[in-house]
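Notes follow once the structure below has been shown.
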Amino acid sequence: MRLSRYFLPVLKETPAEAQIVSHRLMLRAGMIKQSSAGIYSWLPMGFKVLKKIERIVHEEQIRAGHVPMLMPTIQPADLWKESGRYDAYGAELLRIRDRQDRDMLYGPTNEEMITDIFRSHVASYKDLPLTLYHIQWKFRDEMRPRFGVMRGREFLMKDGYNFDLTKEDALHAYNRHLVSYLRTYERMGLQAIPMRADSGPIGGDDTHEFLVLAETGESEVFYDAEITDLSFGDREVDYDSVDECRAVLEEFTSRYARTDETHDADEFAKIPEARQRVARGIEVGQIFYFGTKYSDAMGASVQDADGNKVPVHMGSHGIGVSRLVGAIIEASHDENGIIWPEGVTPFHCGIVNLKQGDAEADAACENLYAALEAEGLEPLYDDRNERAGGKFATMDLIGLPWRITVGPRGLKNGVVELTSRRTGESEEMSPEAAVARVAEIYAAHKPVNPGV
Ligand code: ATP
Ligand code: MG
């Protein structure tokens, strides 16, 4: 993309209404525009990051054996009356009446609808296990929408639902989700810690939330400092293996880590004092096992091997896709702007032309642009007729992890400059070497699946 043809409405001033750094930077970098409280348009660069995150989520879900689909945003109220949540959900549920006077609602989550789909089409244990998921916009009429996309009213969520014959099978699905979530967040450059949580209006006994530590997080969290040393890394886990998934769950949940809802001061006190941590976190996902709560209420059962009709065991699993855009920025920025992790960056590499209009510099930039594209990468070329200082400030603000700077003086010696946004370190090298280096860095971030 050439910046002169893109739509990147960066703001010079810091918007007064934004209280936290991710919200400020998303507005300043021209990623979003509020249309009403908690509802945003995703401008081109914000949209690009959202899609990158969505893609990683899809890839990791498919890798874990889960099946993508798409349910509508608008749901009939009847399903929610069946489960009892139409009244129980309260004022966060946006209720709508259509022209036939039918009660409808904008879905805040999809347990009822997926259970309805399941009961209409599945009747035998032979079709289990099954995990279906989708990535779809949700609406919750939050009391206090704030912090930009972190607590929106309209937000994008991946929500998945497992259907299993037995409790053991459903607990395996729970563990498998925990593993796939760890992997998903790490690919986005995030450490998200599973913490024992409260199930809220979804219901159920077993639940973990995934939290990214950040001062601006809305949840108070209590944990054993040892937990931050854990990392999933590039290990291979067989998602069908009950033992392997359980082992990962045990490794990542055996140390004390809880949100304030489930915090137990006596248990916490048993951790050596030097390792006790009280901090704040951003909830970026949650997994639930809730047994037969919805299948009992809505009659979702299958025939088992003996011909008996039994209710299916279920769980649900959510990732806050749009919230993640803000959470990643909270975790990765400096005083000059965003620092995108390679896995989610909107463009792989910036190209800054120090002297637009200089024939040699222009030609070198065009060559770099073509060479990066030939490597399957997306460069963002700042080809505007602007001073170098302004170009650098824009690049720092929008946070591309790598930048190649091209100027007549370097070109005389056959070199350009490759700069890391994270460390600020620059290295001179030939244009070919710069392209090769950037391609090598991104080799580890190539999409793994064809996607959806
Ligand atoms: P919270 O406690 O933050 O209100 P929740 O526990 O009600 O969230 P879930 O039903 O677990 O949310 O939804 C799954 C994920 O969707 C959450 O982990 C979070 O990342 C995201 N999410 C929930 N509410 C919002 C919101 N209002 N804006 C943006 N993302 C949200
Ligand atoms: Mg939650």
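The values are calculated or read from the model by the stated rules, or taken from the named source; none is laboratory data. This structure is a prediction, so every number in the text was calculated from the model and none was measured. Ideal geometry is used to build each Cβ from the backbone, glycine not excepted, and the neighbour counts take in all protein chains shown. To get the accessible areas, we keep the full protein, side chains included, count just its heavy atoms, and leave off ligands, DNA and RNA. Shrake-Rupley method; radii C 1.70, N 1.55, O 1.52, S 1.80 Å.
Go through 245-253, 178-186 and give me the packing order, highest mean Cβ count within 10 Å leading.
Packing order, densest peptide first, comes out as 178-186, 245-253.
Per residue, what accessible area does the range 9-338 have, given a 1.4 Å probe and all protein chains present, in Å²?
Each residue of the range 9-338 exposes 43 Å² on average to a 1.4 Å probe.
Taking a cut-off of 16 Å, what percent of all Cα-Cα pairs in the range 303-360 are separated by more than that?
Here the long-distance tail beyond 16 Å is 70 percent of all Cα pairs in the range 303-360.
What nm value, rounded to one decimal, do you get for the distance between Val452 and Asp264 when each label is placed 7 Å out toward the C-beta?
Using points 7 Å along Cα→Cβ, the separation is 3.7 nm.
For the range 143-194, compute the orientation-averaged projected area of the C-alpha convex hull (one quarter of its surface), in nm².
Convex hull of Cα atoms, orientation-averaged projection: 5.3 nm².
Tell me whether the range 372-418 comes out rounded, prolate or oblate; compute the Cα gyration tensor, take square roots of the eigenvalues as a ≥ b ≥ c, and use a/c under 1.5 as the rounded threshold.
Verdict is oblate for the range 372-418.
Of the trypsin sites (Lys or Arg not before Pro) in the range 265-363, which ones lie in a loop per DSSP and count no more than 10 other C-beta atoms within 10 Å?
Passing sites in the range 265-363 are Lys270.
What percent does the relative contact order of the range 3-80 come to when contacts are Cα pairs within less than 8 Å and at least six residues apart?
Rounded, it is 20 percent for the range 3-80.
What does the extension gain come out to for Ser35 and Ala16, with contour length at 0.36 nm per residue minus their alpha carbon separation?
5.2 nm
Treat every Asp and Glu Cβ in the chain as -1 and every Lys and Arg Cβ as +1, leave all other atoms uncharged, and give the resulting dipole magnitude about the Cα centre to the nearest 20 debye.
That gives a dipole near 1580 debye.
Hey, how much of the P(r) for the chain falls beyond 29 Å, as a percent of Cα pairs?
The proportion of pairs with Cα distances above 29 Å equals 53 percent.
So if R0 is 22 Å, what FRET efficiency would Glu92 and Trp137 give, r being the distance between their Cβ atoms, rounded to the nearest 0.05?
Calculated transfer efficiency: 0.90.
Here is the link list: Lys81/Lys138; Lys158/Lys446; Lys48/Lys412; Lys48/Lys446; Lys52/Lys412. Which ones come out longer than 26 Å on Cα distance?
Going by Cα-Cα distance, Lys48/Lys412; Lys52/Lys412 fall outside the 26 Å limit.
Taking the Cα centre as origin and putting +1 on Lys and Arg beta-carbons and -1 on Asp and Glu beta-carbons, what dipole magnitude results for the range 221-321, to the nearest 20 debye?
In debye, rounded to 20, the range 221-321 gives about 380.
Can you send over the carbon and sulfur percentage of the accessible area for the chain, probe radius 1.4 Å, protein chains only?
47
Sort the following peptides by mean Cβ neighbour count (other Cβ atoms within 10 Å, averaged over residues), highest first: 217-227, 408-418.
217-227, 408-418
Set Lys and Arg Cβ to +1 and Asp and Glu Cβ to -1, take the dipole of the chain about its Cα centre, and tell me which of Ser231, Pro379, Ala170 lies farthest positive.
Among Ser231, Pro379, Ala170, the one farthest towards the positive end of the dipole of the chain is Pro379.
Sort the range 349-443 into rounded, prolate or oblate with this rule: let a ≥ b ≥ c be the square roots of the eigenvalues of the Cα gyration tensor; rounded if a/c is under 1.5, and if a/c is not under 1.5, prolate when a/b is larger than b/c, oblate otherwise.
It is rounded, given that a/c, with a ≥ b ≥ c, falls under 1.5.
Quick one: check the C-alpha center-to-center distance for the range 317-349 versus the range 143-201, whole angstrom.
Result: 18 Å between the Cα centres.
Counting only helical runs of four or more DSSP H residues, what would the 222 nm mean residue ellipticity of the chain come to if each run contributes -39,500 (n - 2.57) and the total is spread over all its residues?
-10000 deg cm²/dmol
Compute the Cα gyration tensor for the range 68-220, then decide on rounded, prolate or oblate, letting a ≥ b ≥ c be the square roots of its eigenvalues: rounded whenever a/c is under 1.5, prolate when a/b is larger than b/c in the other cases, and oblate in all that remain.
Judged from the Cα gyration tensor, the range 68-220 comes out oblate (a/c at least 1.5, b/c at or above a/b).
On a 0 to 90 degree scale, rounded to 10, what angle separates helix 111-121 from the longest Cα axis of the chain?
The helix 111-121 is inclined about 70 degrees to the chain.
When only Cα pairs under 8 Å and 6 or more residues apart are kept, what is the percent relative contact order across the range 163-262?
Computed value for the range 163-262: 36 percent relative contact order.
Rank Ile114, Pro9, Ser316 by how far each Cα sits towards the positive end of the charge dipole of the chain (+1 on Lys, Arg Cβ; -1 on Asp, Glu Cβ) and give me just the farthest.
Result: Pro9, furthest along the dipole toward the positive end.
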